[in-house]
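First comes the structure, then the notes that go with it.
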Amino acid sequence: MSEFVTGHPSTHGDGYQLNTTNLFRQAVVTHPEQEIVFRDAAGAWRSTSYEATWRRVARTANMLDGIGVRAGDVVGVLDWNHLRHFELYWAIPGIGAVMLQMNLRLAADDLAYVVEHAGATVVCVDESLLGVAEDLAARCPQVRHWIVMSDRPPAEIETSLPDPLDHEALLARQDEEFGWPVIDETSAYSACYTTGTTGRPKGVFYSHRGIVLHTMMWAADQAVGDHDNVLLTTPMFHAQCWGLPQVAVYARARVVLPGRYSVEEIGVLAQAMVDYAVTVTNGAPAIFAPMLEYLRSLPEPPDLSRARMISGSTEPPLSLIRGFHDLTGASIIHGYGATETTPLVTSNRPKPSLEERLSEEQRWDLKRSQGLPVAGVDVRLLGSGGEFLPHDGKSAGEICIRGPWITESYWKSDDEGKFHRGYWRSGDIGVITSDGYLKITDRLKDVIKSGGEWISSIDLENALMGHPTVRQAAVVGAPHPRWQERPVALVVPEPGHEVDVDQLRTHLSATFAKWQLPDEVLVVGELPTTSVGKLDKKVLREEYADFYSGR
């Protein structure tokens, strides 16, 4: 660790606290007329303004204060990407409380554990999720208030929740002014729990300081301003929608809230991209791929040449990146992060110095990497012996990160093995090139060791998804009596296509050595995923653990 020193005193306002409240309040001062477009529970698109929304945020803060929510209390939110959820993003932390993001994709036991472990005493729930809340109520006795959010009057809503409060009725009695406190910037503003495939979820409590600095970085990195239209695609109930709600308001941009949607209703998102001329959004390849198919079905391809689509979760296939560019002009920008990192720590921006050095194909291929570390974070590669490895594009190590918005511990947890010399250990294996680009090569538990040599499951998966007949792919290592492990590949065909396994082998042979190729390529109807839509490799490893036995 570097030496910590105290230098000459400054005359800056170092006592001015970085609070989320100020992001919105200052935006309303300069851009009260800026539009917030939102989709309501009935699926209709409506419009409001920053100023009108800020008044409702103040009413919500007064309501929470009125029912006894105090600084340090935890308030859970069960909702989709609705306007009320957006208002709670500001009202809850604005009074010094903690907004608990309740991930709707978690199993019931895990979600109840999160509520109890975080210490939530109030939960705001959208009417469409009353069934989830009712199941939780019996498991979470410490919750003293359940607040139902709906456009319908209470008399029309049936629920078994104990003494439910009506959100809109409470707001109607509140003042539109609130005496916003100055909050110690190291206080938690929100909490989110990891969704790993092993063990209980782990709690990350984000500070006001951390999210404000993350917001400033994000807006600068992607040059987000008041000329932008920002669509919140990633769920607001997990990893704070990647910090995009705060970025949009900080930049005084137009906000587009799609409400509730599903992959089966992807047209809602794709059409919103067109109708509201979206220039910034976030999401995963699992969302962007069907969105591209919808846009291809339109009579005329839309002009989305100003759009920056931040893609995370998994590496976007090159076919997806080029597909959006060629059809609409939109840029898929690969980013990297996690619940523990607020989350953005890298983004794939082209460096001017590479434009002449790399061919066009090399520049396209570079877009698949996780990109450059953003300003403000320190990214290192940890070797097996505890040493940091060189950034030479060859030395592969565990990706470790530290910075002002990177967690240094888990809430009520002694999991010190996830930290090393102040760095959070990601569990991802990668390399960093001499140009500074991070490339994930695998997860620690997903690397396949065959005959003493390493095989990257991620590289194989991306190559398989580069074939026009393959929609999804997963590669896992199965125990092998001779080679320790051998790869097994599973592919889901593109709709209307048949997969020719021999063609896939030929396709892979152009990039991989013969010994790296999967011994078996299996065509399946679907692949298991985790609660946040990532491939669930744990399930696949268990299912195919005996695949090569006796062969």
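Worth a mention:
- Leading residue by the ranking (modelled with the lowest pLDDT) among those in segment 501-520 that are part of a loop (DSSP other than H, G, I, E, B) and surrounded by fewer than 14 Cβ atoms within 10 Å (Cβ to Cβ): Ala513
- The set of residues in segment 370-396 that are at pLDDT below 95, in contact with a Leu (Cβ under 8 Å, 6 or more places away or on another chain) and either basic (Lys, Arg) or under 24 Å from Ser311 (Cα atoms) (or both) contains only Ala396.
- Among the criteria (1) more than 30 Å from Tyr410 (Cα to Cα); (2) in contact with a strand residue (DSSP E or B) (Cβ under 6 Å, 6 or more places away or on another chain); (3) buried (at least 16 other Cβ atoms within 10 Å of the Cβ), the one Ser150 does not fulfil is (2).
- Residue in segment 155-165 that is touching a Lys or Arg at 6+ places or on another chain (Cβ under 6 Å) and either crowded, with 20+ Cβ neighbours inside 10 Å or not hydrophobic (A, V, I, L, M, F, W, C) (or both) present: no
- Pick from segment 111-135, criterion surrounded by fewer than 18 Cβ atoms within 10 Å (Cβ to Cβ) and of a type in the set (D, E, K, R), ranking: nearest to Cys192 (Cα to Cα): Glu116
- Strands (runs of 3 or more DSSP E) completely within segment 231-342 that count 1 or more residues being modelled with pLDDT of 95 or more and more than 27 Å from Thr21 (Cβ to Cβ): 308-311, 331-337
- Filtered residues of segment 219-254 (kept if surrounded by fewer than 24 Cβ atoms within 10 Å (Cβ to Cβ), more than 15 Å from Gly283 (Cα to Cα), touching a residue at least 40 places away in the same chain (Cβ under 8 Å) and hydrophobic (A, V, I, L, M, F, W, C)): Ala220, Val224
- Filter result for Gly96 (surrounded by fewer than 21 Cβ atoms within 10 Å (Cβ to Cβ) and either in the same structural domain as Val132 (by TED's automatic domain parsing) or modelled with pLDDT under 95 (or both)): no
- Total residues in segment 415-458, condition modelled with pLDDT under 75, charged (D, E, K, R) and more than 26 Å from Arg505 (Cα to Cα): 1
- Restricting segment 166-188 to residues that are buried (at least 18 other Cβ atoms within 10 Å of the Cβ) and touching a strand residue (DSSP E or B) at 6+ places or on another chain (Cβ under 6 Å), the residue that is farthest from Gly15 (Cα to Cα) is His167.
- Condition met for Glu461 (under 20 Å from His507 (Cα atoms), among the charged types (D, E, K, R) and crowded, with 16+ Cβ neighbours inside 10 Å): yes
- Qualifying residue in segment 461-473 (condition: among the hydroxyl-bearing types (Ser, Thr, Tyr) and assigned by TED's automatic domain parsing to the domain that holds Val499): yes
- Candidates are the residues of segment 521-551 that are charged (D, E, K, R) and in a helix (DSSP H, G or I); the one that is surrounded by the most Cβ atoms within 10 Å (Cβ to Cβ) is Lys537.
- Qualifying residues in segment 482-500 (those that are loosely packed, with under 15 Cβ neighbours inside 10 Å and in a loop (DSSP other than H, G, I, E, B)) - the one nearest to the chain's Cα centre (by Cα): Pro495
- Of all residues in segment 325-337, at least one satisfies being among the aliphatic types (A, V, I, L, M), touching a strand residue (DSSP E or B) at 6+ places or on another chain (Cβ under 9 Å) and more than 24 Å from Ala375 (Cβ to Cβ).
- Contacts under 6 angstrom Cβ, first residue in segment 509-521 being closer than 13 Å to Val475 by Cβ, partner in a loop (DSSP other than H, G, I, E, B) and of a type in the set (Ser, Thr, Tyr), 6 or more apart: none
The values are calculated or read from the model by the stated rules, or taken from the named source; none is laboratory data. Quantities reported herein were computed from a predicted structural model and do not represent experimental measurements. Positions of Cβ are generated from backbone atoms using ideal geometry, with glycine treated the same way; all protein chains shown enter the neighbour counts.
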